[in-house]
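Notes to accompany the following structure.
The values are calculated or read from the model by the stated rules, or taken from the named source; none is laboratory data. Quantities reported herein were computed from a predicted structural model and do not represent experimental measurements. Reconstructed Cβ throughout: ideal geometry from the backbone, glycine too, with neighbour counts over all protein chains shown. Calculation scope for accessible area: heavy atoms of the full protein, side chains included, ligands and nucleic acids excluded. Shrake-Rupley method; radii C 1.70, N 1.55, O 1.52, S 1.80 Å.
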Amino acid sequence: MSKKLTGRVKNPYSKSFEAGIENLRDEIQLALQWNRPSILIAIHKSKAGQTKSQLTLEQRILDFNKKVERNRANEKNIDLIRKIKSTANRENIVFFISGFENTNNSSRDEVFRLLNMQREFFIENLIRAVFWLTKAEAEKLPHSAPDFWAFRHRTVEFAPTRD
């Protein structure tokens, strides 16, 4: 016996969106609970979906009484770790790292190379970070920064929205 569907479904991927947010939130919660690092990769096809996910996850992190600090890559800011190193009270912060689309190929390669070379910093300093990547960036990261890729704790790929 099948149910007849009535009305229009506004967002057919809402379960995937919520599942992705919950996976990231749960990983951050466990990292905080167990006082351990967490390197998370969140992959989106669109910038709009990425922005929505960031805002939603930030709200969930605020529920833990922690702050979010955004760190955006661009051609003048390729050493993302330097800013994190200079941040006080890192144990109460979850870093959102994005903006790789604002770099050209050579500076993006340099960002990934620096992440690869300094990957231990995240582990040794119990850093909790979410790297927000496009699909193309996520495809390039394992090749450009294979050791950093191996250090990641979880990867979540969000289904595209059809809003």
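May I ask for the distance between the Cα centers of the range 14-67 and the range 79-143, given as a whole number of Å?
The distance from the Cα centre of the range 14-67 to that of the range 79-143 comes to 16 Å.
Which of the following values of semi-axes √(5λ) of the Cα gyration tensor in Å was calculated from the structure shown: (i) 39, 14, 12; (ii) 29, 20, 14; (iii) 26, 17, 14?
Given (i) 39, 14, 12; (ii) 29, 20, 14; (iii) 26, 17, 14, the structure-derived one carries the label (ii).
Å³ per residue of the Cα convex hull, for the range 73-122? Show your work: numbers first, answer last.
Numbers: hull volume 3.3 nm³, N = 50.
About 66 Å³ per residue, rounded to a whole number.
Rolling a 1.4 Å sphere over the protein heavy atoms, what is the accessible area per residue of the range 22-163, to the nearest Å²?
Details: 7070 Å² over 142 residues.
Heavy-atom SASA per residue in the range 22-163 reads 50 Å².
I'd like the antiparallel share, as a percent to the nearest 5, of DSSP beta bridges with both residues in the chain. Don't skip to the answer; put the middle values down first.
Details: 1 of 22 bridges.
Around 5 percent antiparallel, to the nearest 5.
What percentage of the solvent-accessible surface of the chain, computed with a 1.4 Å probe over protein heavy atoms, is contributed by carbon and sulfur atoms? Show your work: numbers first, answer last.
Working: 4540 of 9170 Å².
Carbon-and-sulfur percentage of accessible area, whole number: 49.
Ordered by packing density, taken as the mean number of other Cβ atoms within 10 Å over each peptide's residues, highest first, how do 147-159, 34-46, 67-79 rank? Could the numbers behind the result be given before it?
Details: 147-159: 17.0, 34-46: 18.5, 67-79: 15.4.
In decreasing order of mean packing, 147-159, 34-46, 67-79 become 34-46, 147-159, 67-79.
At 7 Å along the Cα-to-beta-carbon direction for both N35 and D79, put a label point, then send me their distance in nm to one decimal.
Result: 3.1 nm between the two label points.
Between rounded, prolate and oblate, where does the range 72-163 land on the alpha carbon gyration tensor, with a ≥ b ≥ c its root eigenvalues, rounded for a/c under 1.5, else prolate if a/b exceeds b/c? Don't jump to the answer; show the numbers that get you there.
Details: a/c = 1.44, a/b = 1.24, b/c = 1.16.
Judged from the Cα gyration tensor, the range 72-163 comes out rounded (a/c under 1.5).
Quick query: amide H of T155 versus all other amide H atoms, modeled in the peptide plane; which residues come in under 5 Å with a sequence gap of 5 or more or a different chain?
Placed amide hydrogens put I41 under 5 Å from T155.
So for each of 58-64, 129-135, 108-114 I average, over its residues, the number of other beta carbons within 10 Å; can you give me the resulting order with the highest mean first?
Working: 58-64: 15.0, 129-135: 21.6, 108-114: 18.9.
Top of the packing list down: 129-135, 108-114, 58-64.
Evaluate E = 1/(1 + (r/R0)^6) for A150 and L62, where r is the Cβ-Cβ distance and R0 equals 22 Å; express this FRET efficiency to the nearest 0.05. Don't skip to the answer; put the middle values down first.
On the way: r = 31 Å, r/R0 = 1.40.
For A150 and L62, the calculated efficiency is 0.10.
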